[in-house]
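Written below as structure tokens is the structure these notes are about.
The values are calculated or read from the model by the stated rules, or taken from the named source; none is laboratory data. Source: prediction; values computed, not measured. Note: ideal-geometry Cβ built from the backbone for every residue, glycine included; neighbour counts use all protein chains shown. Side chains are part of the model used for accessible areas, which takes the heavy atoms of the whole protein and leaves out ligands, DNA and RNA. Shrake-Rupley method; radii C 1.70, N 1.55, O 1.52, S 1.80 Å.
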Amino acid sequence: MDQTATRIVPGAPPLELRGVTKVFDRPAVDALNLTIKAGELYALLGPNGAGKTTTLRMVTGLLKPDAGSIHVFGIDALANPRDTKQLVAWLPDEPLLYDKLTPLEYLEFVASLWSVPAGIAGPRAEELLRWLGLWENRNDRCETFSRGMKQKASLAGALIHDPKLMILDEPLTGLDASVARQVKDLLQDRVKAGNTVILTTHILEVAERMADRIGIIQHGRLLAEGTLADLRARAGAGQSTLEDVFLQLVAEPDEVA
Amino acid sequence: MSQPSASIGLLLAHELRLTWRQWFTRKQTGPAKRRRVPPLIIVALVLLAVIVMAGIPVARGLQDQALEVNAIAVLIGDAVILFVFTLMLSQTLVTAVQVFYDRGDFDLLLSSPTSPTRILAVRTASMAINPTLLVWALATPFVLPMAVYGHPEFLAVYPVGLAVALLASAAGIAIALFLFRTIGPRRTRTVAQVLAALIGALFVIVANLPNMIASPDESDNFWIWLSAEAAAGTLEVPGFLYGPTQALFGEPVPLLIFLVLSLAIFTVVALVVGRRFAENAAAAQGAGASSKRPPRRAADRAPRFGATASRAILTKEFRLLLRDPGLISQVLLRVFYLIPVTLVIMQTSDDVSGFGAAIAAGAITLLAGQLAGSLAWITISAEDSPQLLAVSPIPIRQFWRAKLMATLVPPAIMVAPAVIGLALFAPLAAVIAAVGAVAAAGSAGLVNLWLQKPARRQEFRRQWSSSFAPSIMELVLSLLIAVATGLAAFGLWLWAAAPAGLALAALILCRRSEAAMQERLSIA
Ligand SMILES: Nc1ncnc2c1ncn2[C@@H]1O[C@H](COP(=O)(O)OP(=O)(O)O)[C@@H](O)[C@H]1O
Ligand SMILES: [Mg+2]
């Protein structure tokens, strides 16, 4: 942990993508440039198939980009994936869990993978499980859990190593209102504590309510980026909602591609 | 019958459909593409072929013979019935656990206006119907020609098959219920699976018991003695053993007694089960709780954080393997079948010096390879959370190493006693067996690593269809190495070189670079 922390380039942004490209049958991510600032909650907003998940999978090292560079806190993620992975947590839309393990056993496993010392991991696990309302279920196998409980257990796993950059793919889909609220609060707390969060969503309201900055993506390209106010201003009329901006942007440009 | 609730016929059709789907659908590699494998036409053609090629010749052979129920016939007839019963029981026990505790539709059915007693009656009845149909289908190619060629009495196979199925279902349900009440739902699944495997292997073991306990210098074994007695006409069997075989030979009174008795036993068990479940269901509905599976609670213990990554991976793999009742029963089944077979071969061949030891060395090797292969498939291809491993800062190589290690430990533990036993009378063969076992297990693990393809743990029983390439390679390699080991243990070193070389070549052929494997994984 500490060696990695020392490699962090002071002042470097938590995430910087330059010209990142991934082509499947056609470009899923197309020369994407993106810079996430320290301590912000950034929402990548776009319709289904826009390339959000593909982008994040490249950042987390699940997928190799065809071109471009990715830097996490100034560390080259393609050259030194182990160092950047140590700093990042990934929470996909399907919970990363083992049905036959209990939440506590799962946290033990994850903490070991990120080399969290016992003295830190133990108390943090208890704190997380209590806070997420899973403490009573800490010795139950995850196979007995509801979807929301599984998401929460998976979230606890993402937080056990106190990631400086948290990456979440469609974090609120399929969660009931109270769990969704808990997740929102938690992400806001992370940001307040100086960490950085990036999430994707295809739901405008989520981006509108939670994010400090929003990037609108379609066909693997960033169409617009900024705070809610910036985006409104860009669309002209001061009264317009994000939905108006979004629909305008998404409808407008590239039928060329 | 009351109008609004589902009719028994409808419920029964539902049950049978569920079971038949389980049997006859196989998951294809693509997602959610399902195909019925044997259409009825193929089944019919196969039946016809068996009738023509085996059934009719057998029936004609027996055409003019008077078949009487003598002592040897009783032994054979009873043995057949017992054999069918144990096979059925090993199936019905598993089905009982599935049907009553695992299948998700119980809530749906019990929440419908149909009476729980009726649902349960149908459920129990359907359990008996499937094995009955199976036995009928297997017996028909022989029974029908025999009926035509002068032995209509063997049509009694149909009612006897039904009676045995009823008994097996009753026993399966009773055991499941007993387990559930004594050791609780959590362990019932595991214990039932293991018991089922044991029962399935029971017949093989029992049939060999007389051989195993006979002292080695007695030249004639039990079965030879038995057939000699029978030929001499001096064989005597207790009277009560005559009943089942007489029923099988179509004698009306024994047949009727057999049928009525099994029906009575089945009914009693079904009623007891029905009452118990109806009570539970009513209680659950009253409390507003669902009758879903109860949580599996691990013992409360101090958490152990701070293990090294490799240690943590091993712990996790062992936990997952040990919590997989289906896997445990599969493993035990292989062991149960192999042990008596090996013992028999060794016993019948101890006059040929070294031959028994060579066979044992080969069997140990094969066993180790097969077990390691299954475990490797489960730990590597059927990893539940590949993404978690991929985003962790641990290099994937370290996961693979730990997983291979997890794969090799159980076969080592299992094979060790056999190797030690072998060492007592053939030390060199034991050393060779140990080397062979390590080679077979190691190569099975490597093949599963190199040819891995993400799959789901639940597909274990369909491993052959979901991961064909590693499965076939693993079998071929195990066989080659087992043959090489056997030959080497017999002293035919030069001959052993050929299969060993082939195995090595096959292994080299399967080798994939780490980059290539990662490429495959990230595309999948
Ligand atoms: N593994 C893959 N193989 C082929 N095409 C893919 C793969 N993953 C994503 N795509 C394609 O890339 C595009 C972007 O997908 P994705 O990043 O999942 O979009 P989003 O997350 O924004 O909904 C889609 O057109 C999708 O079909
Ligand atoms: Mg997506």
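Using the Cα centre of chain A as the reference point, and only Cβ charges (+1 on K/R, -1 on D/E), how large is the resulting charge dipole? Debye, rounded to the nearest 20.
440 debye
I'd like the interface area for chains A and B: accessible area of each alone minus the complex, both sides summed, 1.4 Å probe, protein heavy atoms only. What is it in Å² to the nearest 100?
3500 Å²
Where the accessible area of the stretch A:89-179 is counted over protein heavy atoms with a 1.4 Å probe, how much of it, in %, is carbon and sulfur?
49 percent
With a 10 Å cut-off between alpha carbons and a GNM built on chain A, which of A:197, A:183, A:59 moves the most?
A:183
Any idea what the dipole of the stretch A:1-136 comes to, in debye rounded to 20, about its Cα centre with Lys/Arg Cβ at +1 and Asp/Glu Cβ at -1?
Details: 13 positive and 16 negative charges, 86 e Å.
It comes to approximately 420 debye.
Using alpha-carbon pairs under 8 Å, 6+ residues apart, how would you state the relative contact order of chain A in percent?
26 percent
For chain A, report the accessible area per residue in Å² (1.4 Å probe, heavy atoms, rounded to an integer).
41 Å²
If I model a spin label at residue B:256 and residue B:509 as a point 7 Å from the Cα along the Cα→Cβ vector, what separation in nanometres do I get?
6.5 nm
Quote to one decimal, in nm, the extra length available between residue A:251 and residue A:69 on full extension: 0.36 nm per residue of separation minus the C-alpha distance between them.
Numbers: separation 182, 0.36 × 182 = 65.52 nm, distance 2.92 nm.
In short, 62.6 nm is gained.
Which of the residues in the stretch A:79-97 show a loss of at least 40 Å² in accessible area from their chain by itself to the complete set of protein chains, at a probe of 1.4 Å?
Buried by the other chains: A:82, A:85, A:96.
Rolling a 1.4 angstrom probe over the protein heavy atoms, how many square angstrom per residue are accessible across the stretch B:375-504?
Each residue of the stretch B:375-504 exposes 42 Å² on average to a 1.4 Å probe.
Would you work out what percent of the accessible area of the stretch B:356-444, with all protein chains in place, is carbon or sulfur (probe 1.4 Å)?
Carbon plus sulfur share of accessible area: 80 percent.
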